[in-house]
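Visitor: Submitted below is the structure of interest, expressed as structure tokens.
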Amino acid sequence: MAETLAFYTLSVLILGLAVLVVTAKNTVHSVLFLVINFLCVAMLYVVLEAEFLAVIQVLVYAGGIVVLYLFVVMLVNLKREPEAHQDPRRLSAIGLGLAGAVLLELAGIVVYTYGQDPSTPLAAAAPSPVMGNVEELGWLLYTQYLIPFELASVLLLVAMVGAIVLARREL
């Protein structure tokens, strides 16, 4: 009974804080609501007995990602007028071609994933050689979910390169 009450209370808090993140007028307040939201999600993981996910939630999201958001909010002057000119060194055709290549790659992954025979048993149904929650997660990440894992790492790399390009003024 107490777990159910905690689950629903945290769920209402998470949804309410998500609305506050979107509707806050001040961007710093929005990021602070996001931190509280991430901490509530970590508490929800604890209620659901997924302690490893709770620790990762606090370390990665409430720690690293939100600090990155705060740096972006503090460094970018949101009250400044947009620039009136377009940079002549911008390579729009190359960017469009790279975006098309990424879209084709994603389409290939979807076709490959959903084109397999559904009668074949999944790899998760087979007994895994590891025991424990963290070991099982690592085993699944590097075997069955390797392509989405690598895709997420490529997207993070692209975001990091984009942040560096945006931060540099002389490009």
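Readers should treat all values here as calculations from the given coordinates under stated rules, not as data from a laboratory. Keep in mind it's a predicted model, so treat the numbers as computed, not measured. Positions of Cβ are generated from backbone atoms using ideal geometry, with glycine treated the same way; all protein chains shown enter the neighbour counts.
Visitor: Can you check how the C-alpha radius of gyration of region 1-77 compares to 2.2 N^0.38 Å, as a plain ratio? List each step's numbers first, then the result.
Guide: Values: Rg = 13.6 Å, N = 77, 2.2 N^0.38 = 11.5 Å.
Against the empirical 2.2 N^0.38 Å value, I get 1.19 for region 1-77.
Visitor: Provide the per-residue ³J(HN,Hα) series for region 44-54, in order, calculated from phi with Karplus coefficients 6.51, -1.76, 1.60 and θ = phi - 60°, each as a whole number of Hz, with x at glycine and proline positions.
Guide: 5, 4, 5, 4, 7, 6, 10, 5, 4, 5, 5
Visitor: What FRET efficiency, computed as 1/(1 + (r/R0)^6) with R0 = 22 Å and r the Cβ-Cβ distance, is obtained for Y142 and I164, rounded to the nearest 0.05? Let's see the in-between values first.
Guide: Values: r = 28 Å, r/R0 = 1.29.
Rounded to the nearest 0.05, the efficiency is 0.20.
Visitor: If you count, for each residue, the other Cβ atoms within 10 Å and average over each peptide, how do 103-113, 16-26 line up from highest to lowest?
Guide: Values: 103-113: 10.6, 16-26: 12.8.
Result, highest mean first: 16-26, 103-113.
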